[in-house]
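Here the structure comes first, spelled out in structure tokens, and everything after it is commentary.
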Amino acid sequence: MKKVCPVCNEEFHGRTDKVYCSISCKSAEHYDKRKENEAFFYQIDKQLKTNRRLLKKYNRTGMTTLRREVLHQEGFDPHFFTHYWKTKKGEVYLFCYDFGFLKLKEKVNQEVKEKYLIVEWQSYMKASS
């Protein structure tokens with residue numbers, strides 16, 4: 001049975017479950033897939049570090065409130081976080097390593113302003129056993 005290698009497009013013969021014409025084509029395919037995955041992880045890690053750097057930059061007192069657009073203009077993306085902490089009141093703080101944020105909405109003169117409450121991780125925030 002003739003097959004076509006997905007890497008080099010050469011025809012080859014072999015077992016019915018054989019996919020590649022040679023070990024080198026198989027290695028090349030797996031190397032490319034690994035490279036794509038590493039680029040994806042690098043992109044996520046870069047965004048997490050950017051988020052942490054910005055949260056740290058604006059949180060000099062341990063707890064700060066900041067307008068949403070200030071962080072977003074500098075590249076902050078709230079969809080990337082490492083973990084969360086839920087308060088007894090049900091509020092969910094999203095964390096980028098040791099700095100976290102809580103989304104807030106404030107109504108000022110019929111206009112809703114979005115803000116973030118920025119905090120630093122504290123020992124009491126550990127998950128209960």
Check off (1) surrounded by fewer than 15 Cβ atoms within 10 Å (Cβ to Cβ); (2) assigned to a strand (DSSP E or B); (3) modelled with pLDDT of 90 or more for H72 and give me the number that stays unchecked. (2)
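Output the number of residues of the stretch 61-116 satisfying the condition of being hydroxyl-bearing (S, T, Y) and in contact (Cβ under 8 Å) with a residue 40 or more places away in the chain.
Number satisfying all stated conditions: 4.
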List, please: which pairs have Cβ atoms under 8 Å, are six or more places apart or on different chains, and start with a residue in the stretch 28-47 that is of a type in the set (G, A, S) and end with one that is assigned to a helix (DSSP H, G or I) and surrounded by 10 or more Cβ atoms within 10 Å (Cβ to Cβ)? none
If we scan the stretch 53-60, do we find a residue that is over 30 Å from V7 (Cβ atoms) and not in a helix (DSSP H, G or I)? yes
Residues located in the stretch 12-67, provided they are on the phi > 0 side of the Ramachandran plot and in contact with a Phe, Trp or Tyr (Cβ under 7 Å, 6 or more places away or on another chain): none
Taking only the stretch 71-117 into account, find how many residues are touching a Ser or Thr at 6+ places or on another chain (Cβ under 9 Å), hydrophobic (A, V, I, L, M, F, W, C) and under 20 Å from D45 (Cα atoms). 5
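So, of the residues in the stretch 83-124 that are in a loop (DSSP other than H, G, I, E, B) and in contact with a strand residue (DSSP E or B) (Cβ under 8 Å, 6 or more places away or on another chain), which turns out to be surrounded by the most Cβ atoms within 10 Å (Cβ to Cβ)?
W121
The values are calculated or read from the model by the stated rules, or taken from the named source; none is laboratory data. Keep in mind it's a predicted model, so treat the numbers as computed, not measured. Here the Cβ is made from the backbone with ideal geometry for all residues, glycine too, and neighbour counts use every protein chain on show.
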